[in-house]
1. What are the residues in segment 98-112 that are in a loop (DSSP other than H, G, I, E, B) and farther than 16 Å from residue 6 by Cα, if any?
2. Test residue 108 against the stated conditions and say whether it is free of Cβ contacts under 8 Å to residues at least 24 places away in the same chain, of a type outside the set (Phe, Trp, Tyr) and crowded, with 16+ Cβ neighbours inside 10 Å.
3. Any residue at all in segment 38-45 that is under 11 Å from the mean Cα position of the chain (by Cα) and either of a type in the set (Val, Ile, Thr) or more than 16 Å from residue 94 (Cα to Cα) (or both)?
Amino acid sequence: MSTRAKTVITYGTFDLFHVGHVRLLERARSLGDRLIVAVSEDSFNEGKGKKSYSSYADRSQLVAACRHVDLVIPELTWEQKREDIIAHNVDIFVMGDDWQGKFDFLNDICEVVYLSRTPEISSSLIKSHLKNPATPAVA
């Protein structure tokens with residue numbers, strides 16, 4: 001009797017790819033057998049008022065190269081999450097705990113898990129340090 005592989009999905013911009021991203025992807029992947037990562041498209045980020053250093057093509061290539069990732073898909077809208085979960089037979093939806101409670105509405109179709117962020121590292125912190133080297137490189 002075979003059991004279906006457990007699929008996990010997460011979403012993010014993954015700009016200035018760093019060890020915090022790797023740790024998140026590793027922990028997300030450890031929850032299942034397959035990890036799908038939806039990387040935010042440039043146009044989606046612009047709509048959120050966000051500017052990425054790297055293009056969507058470069059960011060998705062970096063994420064795809066991570067050994068914990070099985071598939072990369074584009075994130076185009078906030079609303080696509082439910083469709084992605086259904087289309088890819090996702091069992092677990094994972095986000096960082098800075099989003100705690102924001103995606104609980106998906107609990108009717110999959111398990112929702114919020115993972116703690118890696119302390120002392122973030123793309124925002126890196127950008128701030130690059131703008132002003134006097135700013136500490138870690139929190």
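1. 100, 101, 102, 103
2. no
3. Looking for residues that are under 11 Å from the mean Cα position of the chain (by Cα) and either of a type in the set (Val, Ile, Thr) or more than 16 Å from residue 94 (Cα to Cα) (or both), one finds at least one in segment 38-45, hence yes.
For every residue, the table says whether it meets (1) more than 21 Å from residue 110 (Cβ to Cβ); (2) aromatic (Phe, Trp, Tyr); (3) surrounded by 20 or more Cβ atoms within 10 Å (Cβ to Cβ); (4) at pLDDT below 95.
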{"site": "1", "(1), (2), (3), (4)": "yes, no, no, yes"}
{"site": "4", "(1), (2), (3), (4)": "no, no, no, yes"}
{"site": "9", "(1), (2), (3), (4)": "no, no, yes, no"}
{"site": "18", "(1), (2), (3), (4)": "yes, no, no, yes"}
{"site": "30", "(1), (2), (3), (4)": "no, no, no, no"}
{"site": "35", "(1), (2), (3), (4)": "no, no, yes, no"}
{"site": "38", "(1), (2), (3), (4)": "no, no, yes, no"}
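The values are calculated or read from the model by the stated rules, or taken from the named source; none is laboratory data. Bear in mind that the values here come from a model prediction, so they are computed numbers and not experimental data. FYI the Cβ positions are ideal-geometry reconstructions off the backbone, even for glycines, and counts take in every protein chain you see.
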